[in-house]
Amino acid sequence: MLASAIIPAAGSGKRFGEKKQLKELSGRPLIHYTLTPFLESSAIAEIVIAAQKKDFDKLASVVDSIATEKKISIIEGGDTRQGSISNALAQINSNTEYVCVHDAARPFVSSELIEKLINALKTCDAVTVGRKSTDTLKECTNGIVRRTIDRKKIWQVQTPQAFTKEVIMNAYELAEKQNILATDDSSLVEEAGYQVNIINDSSINFKITTKEDWIMAEAILRFKKNV
Ligand code: CTP
Ligand code: MG
């Protein structure tokens, strides 16, 4: 079960206020935390990072600082996350059977979680990690609550997400043909008519989107250092 990992890292951090993927988080660039479990996981054969061209040199020096036998490629991302992943899919090893996609901006992923997803591909073609919503959910427009949504069936979805190569390739091909844009890969796989399985996971795995998330990430790392 050997997989290629794709790490989209070509974003601009608009909601964060600056680019975050190479910013130092408690002494290490954010993406260093994200890459480490992929390097440690025996299920991952290679890593393809999609980045903005102007960040290639900085990113290469982060990659060079990591001792690993694994092939890590840095390729140019696109204008959207989907475009970045599409570019990365074109660069994965032709012998790869599985693809695991994970946001550079989620530094708390673990190798256990990565392996859980890849192992799930023994019995399905597409799988995402997620968790049941714990907040009450409302549909609202113009500051007015229109209805309450039954949260029993609602899941929040994160990355990693893992796919057989054939399924993710077909989904991306269809998305391009039909101009479908989505914020995650499993949506494109659903659009292409495939079943997507979901694994419940409650480990810390949030995406650093805002400055508040950054403060939270620093606090978690401080806590981890002290235990
Ligand atoms: N990403 C990418 N290519 C893009 C846009 C996003 O590879 N054109 C990556 C980001 O680097 C990030 C992930 O996709 O790792 C999505 O996380 P997000 O929080 O949306 O990151 P940004 O797009 O950088 O942030 P924002 O949307 O606030 O600009
Ligand atoms: Mg974004």
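Using unit Cβ charges (K, R positive; D, E negative) and no other charged atoms, how large, in debye to the nearest 20, is the dipole of the chain about its Cα centre?
Charge dipole, the chain, about its Cα centre: 880 debye, nearest 20.
Working out 0.36 nm times the residue gap between Leu174 and Ala67, then minus their Cα-Cα distance, what length gain in nm do you get to one decimal?
My answer for the length gained is 34.7 nm.
So what is the relative contact order for the stretch 87-158, in percent, with contacts set as C-alpha pairs under 8 Å and at least six apart?
Reported relative contact order: 23 percent.
Given an 8 Å cut-off on Cα distances and at least 6 residues of separation, report the relative contact order of the stretch 28-81 as a percent.
Relative contact order here is 44 percent.
Take every Cα-Cα pair in the stretch 68-112 and report what % of them are more than 12 Å apart.
When every Cα pair of the stretch 68-112 is considered, 71 percent fall beyond 12 Å.
How large is the charge dipole for the stretch 104-169, taken about the Cα centre, if only the Cβ atoms of Lys, Arg (+1) and Asp, Glu (-1) carry charge, to the nearest 20 debye?
Computed charge dipole of the stretch 104-169: roughly 320 debye.
May I ask you to list the lysines whose Cα is less than 21 Å away from that of Lys122, ignoring any residue fewer than eight positions away on the same chain?
Lys165
Across the stretch 118-223, what fraction of all alpha-carbon pairs, as a whole percent, falls in each successive 5 Å bin from zero upward?
2, 10, 15, 15, 17, 17, 13, 7, 2, 0
Name the aspartates and glutamates eligible as straight-distance cross-link partners of Lys53: C-alpha to C-alpha under 13 Å, and not fewer than 8 places from it in the same chain.
In chain and number order, the partners are Glu76, Asp79.
Calculate the all-directions average of the projected area of the chain's alpha-carbon convex hull, and give it in nm².
Over every viewing direction, the Cα hull of the chain projects on average to 13.9 nm².
Given the Cα atoms of the stretch 12-123, and with Rh set as the inverse mean 1/r over their pairs in the Kirkwood sense, what is Rg to Rh to two decimals?
That ratio equals 0.94.
Given Cα pairs under 8 Å that are at least 6 residues apart, what percent is the relative contact order of the chain?
Across the chain, relative contact order equals 23 percent.
If the only charges are +1 at each Lys and Arg Cβ and -1 at each Asp and Glu Cβ, what is the size of the charge dipole of the stretch 124-227 around the Cα centre, to the nearest 20 debye?
Approximately 640 debye in magnitude.
Towards the positive end of the charge dipole of the chain, with charges on Cβ (+1 Lys, Arg; -1 Asp, Glu), say which of Met216, Leu2, Ala90 has the farthest Cα.
Most positive-ward Cα: Met216.
Every number here is computed from the coordinates shown, using simple stated rules; none is lab data. Quick caveat: nothing in here was measured; it's all calculated off a predicted structure. As a convention, Cβ positions derive from the backbone with ideal geometry for all residues, glycine included, and neighbour counts pool all protein chains shown.
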